[in-house]
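Enquirer: Below is a structure I'd like to ask you about.
The values are calculated or read from the model by the stated rules, or taken from the named source; none is laboratory data. All figures in this text were calculated on a predicted structure; none of them were measured in a lab. FYI the Cβ positions are ideal-geometry reconstructions off the backbone, even for glycines, and counts take in every protein chain you see. Accessible surface areas use protein heavy atoms only, side chains included; no ligands, DNA or RNA. Shrake-Rupley method; radii C 1.70, N 1.55, O 1.52, S 1.80 Å.
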Amino acid sequence: MSRQPSPTRDKRVINLASEVAETRDRRIPILLLRLKEILSTAVAGSKDGMRIRKEIWEYNLLQALVLVLKQDFSIVDGEWQIAASLAAILSQVCTGLDLPSAEVKKFEDEVLLEAVSNMFLVTRRIQARYAKIPDRAGHMKERNKLLACYRGVLESIVYLASGHTSVPKKVLECPWLLQLLITDDTDTVVAIMDLIPKILRVNRIVLRSLNQKLILSIMDELIYKLSVSNEVSVGASACKCVLRICENHRPLVETLCTRYKGLRPLLAKWEGAGFSRDLKEIHLLLQAGNAQKAENERFFRAAITIQAVWKGFITRKKLVKANKTFSKFQQQYRLKKRVLEERKVQAKEAIELQRQLKLNRQRIMREFKEKQLHTVEILPAAMLERYMQRQQNKSAVLIQKSWRGHHARNSMQDREVFVKRYRAAITVQRGVRKWLKKLEDKRNKIKASLKPPGLTDDRRVEIQRLINQNRELKPTVYTSREELEQGHKKAAEMLARYYQSARVNREKQHHREALIARLNVDSELVHLAPPLNSVTDKDVEMYSSNLLPVATKAKNNHIEQLRLLRQPWWKKLCDEYQDQEYVDDEQIIF
């Protein structure tokens, strides 16, 4: 080879290329199978995958793959399985191959075209061998093996077409495609007809660049399969191909209607074969006459279908709601009817009970009268009047007792209301008395008439002497009556201001005295406190407080003191009045 391998090249590709170049016999296909292991080490589209494919192209291994597919694999070990594997390897190498712009045209026009042709050649040979094997139970294994190889090569063609947009045109223009389609073998023809929609799915506009004569030849063969064949698989695949060709190339719809006028009666034999949906689409195309009308008809039918589904949904929803409503109405009706029947039964039972009570009362009265008459008959005449008087007294007592009970029960409600009012009045009076007592205590809390602290008789005499002395030194001279009245008025205002502030001053003085007394007691307790090593439970109870605020404050102070004890010495030097926000903020300054 003219190219010199660089240190970055794959040694496996180099060794394989050298072995293929030195081998001139049937072992070349077996050697080329090693490319599958090489390609499996790198993902297609990755950097390593593109490098390996480029090396395969540079060392002419791709051209060797294309040329090997021309030979007859019936004389090679592994036969047509080797051919199917080589076709798959060829499609993998061609897909994802990144070539310089100078070699792309050569690759697409020569290598891809020859690769597609050779793949179809392999399928043609497999089809010819498959047709020669009799369809018997003893040969089914060999037939299935060949059919699997046949489909594998076709899948490789589809994979190759998915990687290059120019391949679908080459596939449809290949003369081997029409020859494979013309054969009468069911399995191979179905595989070819499945290939056509896949190729059209890869490139939807490929039919526009094909020759009209070639398209018509393919359509003629498909229509022929529909009209002659009786196999359901053939008919379904042919219908599918026709529909896909018409969808991708709209002018063929008019050709389908004018060129194949007798197609509609021929399609009648496929009714109920399992692909009625495709048959309906073909009937729609034949009925419309052109693609635009068929599209409108399809939209119209789709709208009808949507409306039908929507109306069915709404109707079913209404029926469900109506069923629920009817069931609820029937349930309510049955419940109401059952309640009415129960009321009627209860009314009948009440009437029957009243009748039984009335009869029982009459029976008791009759028995009592009979007993009374019997007693009167056996009594002597002298005791009869006294007996009757006793019976009347008992009756009067019984009537009075019943009346008093009835009267007490009727007056019980009024008595309960009276008792509630009485208790409410007591509660209101108790509240008013407490309120008045609070006002009185507040008013008499500190008497303003009390003498100020420290005002003894000696002090009072001394102050009076100072006042008289001051008056003698600075006598007040009133020149008129008005000035005298103003002086008295000013003195009265000063006295009023004094008495207004006297209560507040007395309360503050009382608070100060209480605070001083408390501090004296606390200082005395602290002074008399025993040392910590001799503290008893009684001492702890004496110095403890039951007030929650005091206990909480003491607990917080204790925790803060423990925290300060754990701090380093330099943190204890801060001022106790320093802002806590800056004390707690630990910052390291460099």
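Enquirer: In Å³ and rounded to a whole number, note down the convex hull volume per residue for the Cα atoms of region 290-353.
Expert: With only Cα atoms used, region 290-353 gives 34 Å³ per residue.
Enquirer: Return the carbon/sulfur percentage of the accessible area of the chain, one whole number, probe 1.4 Å, all protein chains in place.
Expert: Carbon and sulfur together cover 56 percent of it.
Enquirer: Relative to the longest principal Cα axis of the chain, at what angle does helix 276-288 sit, 0 to 90 degrees, rounded to 10?
Expert: 70
Enquirer: Work through the residues other than residue 236 whose Cβ is under 14 Å from its Cβ and net out their charges, Lys, Arg +1 and Asp, Glu -1.
Expert: Summing Lys and Arg as +1 and Asp and Glu as -1 gives 0.
Enquirer: Using only Cα positions of region 11-210, each an equal point scatterer, no hydration layer, compute I(q)/I(0) via Debye at q = 0.17 Å⁻¹ and quote the log10 values to two decimals.
Expert: -1.16
Enquirer: Provide the solvent-accessible area of residue 250, counting protein heavy atoms only and rolling a 1.4 Å probe, rounded to the nearest 10 Å².
Expert: Answer for residue 250: close to 110 Å² accessible.
Enquirer: So what's the convex hull volume per residue for the Cα atoms of region 357-404, in Å³?
Expert: Convex hull of Cα atoms, per residue: 61 Å³.
Enquirer: While we're on this one: As a quick test, which of the pairs 54/198; 240/318; 54/145; 225/311; 70/213 have an alpha carbon distance above 31 angstrom in this structure?
Expert: Among 54/198; 240/318; 54/145; 225/311; 70/213, the Cα-Cα distance tops 31 Å for 240/318; 54/145; 225/311.
Enquirer: Give the lysines whose C-alpha is closer than 17 Å to that of residue 344, dropping any in the same chain fewer than 8 places away, or say none.
Expert: 336
Enquirer: I'd like the orientation of helix 457-473 relative to the chain: the angle between its Cα long axis and the longest Cα principal axis, in ° from 0 to 90, rounded to 10.
Expert: So the inclination is approximately 90 degrees.
Enquirer: Compute the semi-axes of the equivalent ellipsoid of region 389-440, taking the square root of 5 times each eigenvalue of the Cα gyration tensor, and list them largest first in whole Å.
Expert: Output for region 389-440: semi-axes of 48, 10, 4 Å.
Enquirer: Could you please report the charge total around residue 356, scoring K, R as +1 and D, E as -1 over all other residues with beta-carbon less than 12 angstrom from its beta-carbon?
Expert: That works out to +2.
Enquirer: With 20 Å bins from zero, work out the P(r) of the chain over every alpha carbon pair and list the percent per bin.
Expert: Pair shares across the bins are 11, 18, 11, 9, 14, 20, 13, 4, 0.
Enquirer: In degrees from 0 to 90, rounded to the nearest 10, what is the angle of the helix 481-527 Cα long axis to the longest principal axis of the chain?
Expert: Approximately 70 degrees, to the nearest ten.
Enquirer: Next question, about the same structure. Kirkwood Rh over Cα pairs of region 498-567 into Stokes-Einstein at 10 °C, 1.306 mPa s: D in µm²/s?
Expert: My calculation gives 102 µm²/s for D.
Enquirer: Also: Please work out the Kirkwood hydrodynamic radius for region 476-516, using every pair of different C-alpha atoms, and report it in angstroms with one decimal place.
Expert: Answer for region 476-516: a Kirkwood hydrodynamic radius of 12.4 Å.
Enquirer: Next up: Tabulate in residue order the Karplus-calculated ³J(HN,Hα) for region 398-411, using 6.51 cos²θ - 1.76 cosθ + 1.60 with θ = phi - 60°, rounded to whole Hz; enter x for Gly and Pro.
Expert: 5, 5, 5, 4, 5, 5, 5, x, 5, 5, 5, 5, 5, 7
Enquirer: If you don't mind, another one. Set Lys and Arg Cβ to +1 and Asp and Glu Cβ to -1, take the dipole of region 476-516 about its Cα centre, and tell me which of 494, 510, 484 lies farthest positive.
Expert: After comparing all options, I get 510.
Enquirer: Continuing with the same structure: Would you please put 102-114, 86-98, 515-527 in order of how densely packed they are, using the mean number of other Cβ atoms within 10 angstrom per residue and starting with the highest?
Expert: Going by the mean number of other Cβ atoms within 10 Å, highest first, we get 86-98, 102-114, 515-527.
Enquirer: Could you order 317, 213, 369 so the one with the most accessible surface comes first? Probe is 1.4 Å.
Expert: Highest to lowest solvent-accessible surface, that is 213, 317, 369.
Enquirer: Sticking with this structure for a sec: If you count, for each residue, the other Cβ atoms within 10 Å and average over each peptide, how do 166-175, 220-229, 377-386, 504-513 line up from highest to lowest?
Expert: Per-residue Cβ counts within 10 Å, averaged per peptide and sorted highest first, yield 166-175, 220-229, 504-513, 377-386.
Enquirer: Based on the mean of other beta carbon atoms within 10 Å per residue, what is the order of 488-497, 179-188, most packed first?
Expert: Ranking, from highest mean packing down: 179-188, 488-497.
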